[in-house]
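Reading through the structure tokens given below for one structure.
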Ligand code: ADP
Ligand code: MG
Ligand code: MG
């Protein structure tokens, strides 16, 4: 591909080997880091986070399209989170069979009943896309999903542009190196957190990163923490268990953890069932939700990011409900939707089952899960659908058109893994940051981007799941 890395460079194996070794040092010195799988909670010995040797060509027009639609997605997620009737309607069939979503929904209902104790809302999300590329040369941007909780890699992706520029400079590809954009989601996300901290209005209050038991990706989070510290805003890192043991609310529902008042709970955990090791974790989540601390996300915004909601949004007329007077916004958002199909009980769901069984290779079957590795493809899709098709079990899933990006050849550089050329597929993420204060949106921004790339052998899975690696768009 003329816009990309030329074949003569990709096939020069001596040079590639040399570049890869130098690239690892470059990644380490630039702080593109991850803890080791064997010692995920220690920084004594660490390694580089996995990355592609070269950036990946992305058409400028679709890249700009993804950035431009982000503030509308922010608004949409926020509107959904405030529309209790919509959430109820959209999720009823799902929560009847999906215990995890049901549990989240129960907290949401409890908060609605009690009344929200905080009118400041902070949303930090990441909308992910792939390019649907057809033989006639057209590329269209299709949303894979939107992550409204614990969207990661904003920190590390702030440091990968320098890495790819360095590699290209070593390879004497100056023209390409200049086509790599600056990117700083860490600053963009921190800016919104800092603004919310100010609005909360307590000098001594801290930001609490609600973190996982296993913290391999700590450095990604540290960059956001350091941006906050530049503004003299302090952060603490705590687990559900810490909150359960030392957390409490005062008479004004202010949240205190370890004696410190918490202005913002920034969830980097809590998005999958395994994150809630015991009832105590659920108690801690409820405590935080009930508190006056600003939750990022609050429970309703968390639910707005479910795949079932995504599918319902794609139904005719639903976007219009949220943007009644803005047909151009509706159009801009809808242009990024892939085909999404209900599996609810009834003739429409029956039709979805028949369509999927007739051509499973055209679709992806998705449960209400996050974190990669949960989707179902191909013959397994048929097996699962055959098993559940006649029962309400099927409503735990949605069906989606499979998106087909054109593979691009590249090298994935990862620790303990031999260097080999792979056919790669990329996924573009765009970070959104918004703040609502009562009824007013006081911030609504696009906070940067992320490109993740994986070998085409894998149909699923992100960086944390060990499948994808960090990348940068090479615009053309
Ligand atoms: P998760 O919340 O677990 O990240 P995703 O919907 O992002 O769930 O799916 C995980 C991965 O599966 C994506 O990163 C992508 O590689 C692949 N995938 C998901 N949906 C599609 C699709 N419609 N077409 C092609 N690949 C998909
Ligand atoms: Mg997700
Ligand atoms: Mg995903």
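The values are calculated or read from the model by the stated rules, or taken from the named source; none is laboratory data. As the structure is a prediction and not an experimental result, all values here were calculated from the model. Glycine gets a Cβ as well: all are built from the backbone with ideal geometry, and neighbour counts include every protein chain shown.
Suppose the filter is touching a helix residue (DSSP H, G or I) at 6+ places or on another chain (Cβ under 7 Å), away from ligand 3 (no atom under 15 Å from the Cβ), part of a strand (DSSP E or B) and farther than 17 Å from residue 373 by Cβ; does residue 474 pass it? Spelling it out, residue 474 is indeed touching a helix residue (DSSP H, G or I) at 6+ places or on another chain (Cβ under 7 Å), away from ligand 3 (no atom under 15 Å from the Cβ), part of a strand (DSSP E or B) and farther than 17 Å from residue 373 by Cβ. Residue check: is residue 413 closer than 30 Å to residue 276 by Cα, more than 15 Å from ligand 3 (Cβ to nearest atom) and in contact with a helix residue (DSSP H, G or I) (Cβ under 9 Å, 6 or more places away or on another chain)? Criteria not met by residue 413. When the range 365-377 is filtered for residues that are closer than 16 Å to residue 401 by Cα, in contact (Cβ under 8 Å) with a residue 60 or more places away in the chain and more than 8 Å from ligand 1 (Cβ to nearest atom), the ones remaining, listed by number, are 367, 377. Among the residues of the range 84-104, the ones that are free of Cβ contacts under 8 Å to residues at least 24 places away in the same chain and under 19 Å from residue 149 (Cβ atoms) come to 2 in all. In the range 340-361, which residues are surrounded by 15 or more Cβ atoms within 10 Å (Cβ to Cβ) and more than 16 Å from ligand 2 (Cβ to nearest atom)? Within the range 340-361, 341, 342, 343, 344, 345, 349, 350, 352, 353, 355, 356, 360 qualify.
Answer yes if at least one residue in the range 337-355 is touching a strand residue (DSSP E or B) at 6+ places or on another chain (Cβ under 7 Å), within 16 Å of ligand 3 (Cβ to nearest atom) and over 24 Å from residue 65 (Cβ atoms), and no otherwise. No: the range 337-355 contains no residue that is touching a strand residue (DSSP E or B) at 6+ places or on another chain (Cβ under 7 Å), within 16 Å of ligand 3 (Cβ to nearest atom) and over 24 Å from residue 65 (Cβ atoms). Within the option set 421, 435, 398, 403, being within 16 Å of ligand 3 (Cβ to nearest atom) and either over 20 Å from residue 372 (Cα atoms) or crowded, with 21+ Cβ neighbours inside 10 Å (or both) holds for one residue only, 398.
Restricting 126, 103 to those that are more than 21 Å from residue 363 (Cα to Cα) and within 16 Å of ligand 2 (Cβ to nearest atom) reduces the list to 126.
In this structure, does residue 198 turn out to be surrounded by fewer than 20 Cβ atoms within 10 Å (Cβ to Cβ), under 27 Å from residue 277 (Cβ atoms) and away from ligand 2 (no atom under 16 Å from the Cβ)? Let's see the steps before the verdict.
Details: surrounded by fewer than 20 Cβ atoms within 10 Å (Cβ to Cβ): yes; under 27 Å from residue 277 (Cβ atoms): no; away from ligand 2 (no atom under 16 Å from the Cβ): yes.
Here the answer is no, as residue 198 does not meet what is asked.
A Cβ distance below 7 Å, combined with a sequence gap of six or more or placement on separate chains, defines the contacts here; from the range 457-469, residues that are closer than 19 Å to residue 55 by Cα and in a loop (DSSP other than H, G, I, E, B) reach residues that are within 7 Å of ligand 1 (Cβ to nearest atom) and at pLDDT below 80 in the pairs 467/461; 468/461.
The helices (runs of 4 or more DSSP H) located wholly in the range 112-210 that include 1 or more residues which are out of contact with any helix residue (DSSP H, G or I) (no Cβ under 9 Å at 6 or more places or on another chain) and closer than 30 Å to residue 459 by Cβ occupy 160-170. Residue 71 meets each of the listed conditions (1) more than 30 Å from residue 165 (Cα to Cα); (2) surrounded by fewer than 21 Cβ atoms within 10 Å (Cβ to Cβ) apart from (1).
Results for (1) modelled with pLDDT of 95 or more; (2) assigned to a helix (DSSP H, G or I); (3) closer than 28 Å to residue 409 by Cα, shown as yes or no for each residue.
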site: 41; (1), (2), (3): yes, no, no
site: 61; (1), (2), (3): yes, yes, yes
site: 64; (1), (2), (3): yes, yes, yes
site: 67; (1), (2), (3): yes, yes, yes
site: 75; (1), (2), (3): yes, yes, no
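Each row is one residue, and each column tells you yes or no for (1) surrounded by 24 or more Cβ atoms within 10 Å (Cβ to Cβ); (2) within 22 Å of the chain's Cα centre (by Cα); (3) away from ligand 1 (no atom under 16 Å from the Cβ); (4) within 15 Å of residue 428 (Cα to Cα).
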site: 86; (1), (2), (3), (4): no, no, yes, no
site: 89; (1), (2), (3), (4): no, no, yes, no
site: 92; (1), (2), (3), (4): no, no, yes, no
site: 129; (1), (2), (3), (4): yes, yes, no, yes
site: 141; (1), (2), (3), (4): no, yes, no, yes
site: 154; (1), (2), (3), (4): yes, yes, no, yes
site: 160; (1), (2), (3), (4): yes, yes, yes, yes
site: 164; (1), (2), (3), (4): yes, no, yes, no
site: 172; (1), (2), (3), (4): no, no, yes, no
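When the range 135-157 is filtered for residues that are more than 24 Å from residue 75 (Cα to Cα) and touching a residue at least 60 places away in the same chain (Cβ under 8 Å), the ones remaining, listed by number, are 139, 156, 157.
Within the range 370-389, does at least one residue satisfy the condition of being farther than 30 Å from residue 190 by Cα, surrounded by fewer than 16 Cβ atoms within 10 Å (Cβ to Cβ) and within 16 Å of ligand 3 (Cβ to nearest atom)? Scanning the range 370-389 turns up at least one residue that is farther than 30 Å from residue 190 by Cα, surrounded by fewer than 16 Cβ atoms within 10 Å (Cβ to Cβ) and within 16 Å of ligand 3 (Cβ to nearest atom). Only one residue in 16, 111 is at pLDDT 95 or above and within 26 Å of residue 280 (Cα to Cα). Which one? After ruling out the rest, the residue left standing is 111.
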